[in-house]
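First comes the structure, then the notes that go with it.
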Amino acid sequence: MIHSVYFIDTGGRLIFTRKYGTIELNPDLMAGFLTAIKEFSGEISSSIDKKKDSVKEIEMETFNVVYDFRSADGMMCVLLHDKKDDPRIVRGVAKIVLDGFLRKYKVDIDSWDGNISKFAEFEPAADEVMKGGKVAEVYPILKKKLTPLTVKLGMINDLEFEIASKCDGTKTYREIAEKMGVDLEIIYGAMTKLKDLGLVKEETP
């Protein structure tokens, strides 16, 4: 689950926040923490290179922090999410929700007086993108029972067969990767093939 969403300017001021789950950090501390990270990494400077803008992730002990920094707009979107969430989706929605916010409020941000209530009307748009915080909870499930013959016929290999056997609708991509002790990118590649073959489908809560 994506537990919390924050929009913060490069001065460390919290502009918008939305909570969906149980993990929440003090917004003022979060703003200062992320601003310090950006300054330390050299991505905030008097001559910012726009090519450095990117979505990055910080792994904490019990959850992850994803942030999308836009140097040209002086804004960043911060998402706190469960480790089991699909990181590709989390990064994608970070970009989407910040794009939507900037399209709607760029002029207002430039002349912002510090009153965050004026941005509260963005909550429904954020909720739609985040699907109530559950947008990144993807559970692959096997559509039909597989037998070793599938491997013998060359449709899939042994690793793909093992991955498919883990697709019972109760584990996310990341959880399958951790259970098997393989890199997440390997799971993504195998799942793409399994879906193309019509053997696996994805379900969300």
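The values are calculated or read from the model by the stated rules, or taken from the named source; none is laboratory data. Every value quoted in this text rests on a predicted model; they were computed, and no experiment measured them. Ideal geometry is used to build each Cβ from the backbone, glycine not excepted, and the neighbour counts take in all protein chains shown.
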request  = Consider S47 carefully, then state whether it is touching a helix residue (DSSP H, G or I) at 6+ places or on another chain (Cβ under 7 Å), at pLDDT below 80 and of a type in the set (S, T, N, Q).
outcome  = no
Practice problem: May I ask you to verify whether V66 is of a type in the set (V, I, T), modelled with pLDDT of 75 or more and in contact with a helix residue (DSSP H, G or I) (Cβ under 6 Å, 6 or more places away or on another chain)? | Solution: yes
The residue that is surrounded by the fewest Cβ atoms within 10 Å (Cβ to Cβ), considering only those in segment 5-16 that are over 12 Å from G74 (Cα atoms) and under 16 Å from the mean Cα position of the chain (by Cα), is Y6
Only unsatisfied item for T35, checking (1) under 20 Å from the mean Cα position of the chain (by Cα); (2) at pLDDT 85 or above; (3) hydroxyl-bearing (S, T, Y), is (2)
Per the filter on segment 98-113, residues of a type outside the set (K, R) and surrounded by 10 or more Cβ atoms within 10 Å (Cβ to Cβ) are L98, D99, G100, F101, L102, Y105, D108, I109, W112
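Can you find, within segment 118-152, the residue that is surrounded by the fewest Cβ atoms within 10 Å (Cβ to Cβ) among those that are hydroxyl-bearing (S, T, Y) and out of contact with any Leu (no Cβ under 9 Å at 6 or more places or on another chain)?
The extreme case among them is T147.
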If we keep only residues of segment 84-93 that are farther than 19 Å from L25 by Cα and of a type in the set (A, V, I, L, M, F, W, C), then the residue surrounded by the most Cβ atoms within 10 Å (Cβ to Cβ) is V93
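Could you go through segment 107-115 and let me know if any residue there is polar (S, T, N, Q) and outside the structural domain of R18 (by TED's automatic domain parsing). Give the steps one after another, and end with the answer.
If we filter segment 107-115 for residues that are polar (S, T, N, Q), which is where we start, we get 111, 115.
Still in the running and outside the structural domain of R18 (by TED's automatic domain parsing): none.
No; the residues of segment 107-115 include none that is polar (S, T, N, Q) and outside the structural domain of R18 (by TED's automatic domain parsing).
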For segment 186-205 the number of residues that are outside any loop (DSSP other than H, G, I, E, B) and out of contact with any Phe, Trp or Tyr (no Cβ under 8 Å at 6 or more places or on another chain) is 10
Among the residues of segment 66-84, the number that are within 20 Å of M1 (Cα to Cα), touching a Lys or Arg at 6+ places or on another chain (Cβ under 8 Å) and assigned to a loop (DSSP other than H, G, I, E, B) is 2
Restricting attention to segment 115-165, the residues that are over 25 Å from D82 (Cα atoms) and not in a helix (DSSP H, G or I) number exactly 12
Counting only residues that are surrounded by fewer than 19 Cβ atoms within 10 Å (Cβ to Cβ) and under 12 Å from the mean Cα position of the chain (by Cα), segment 65-83 contains a total of 1
Going through segment 187-205 in order, the residues found to be among the acidic types (D, E) and surrounded by 14 or more Cβ atoms within 10 Å (Cβ to Cβ) are E202
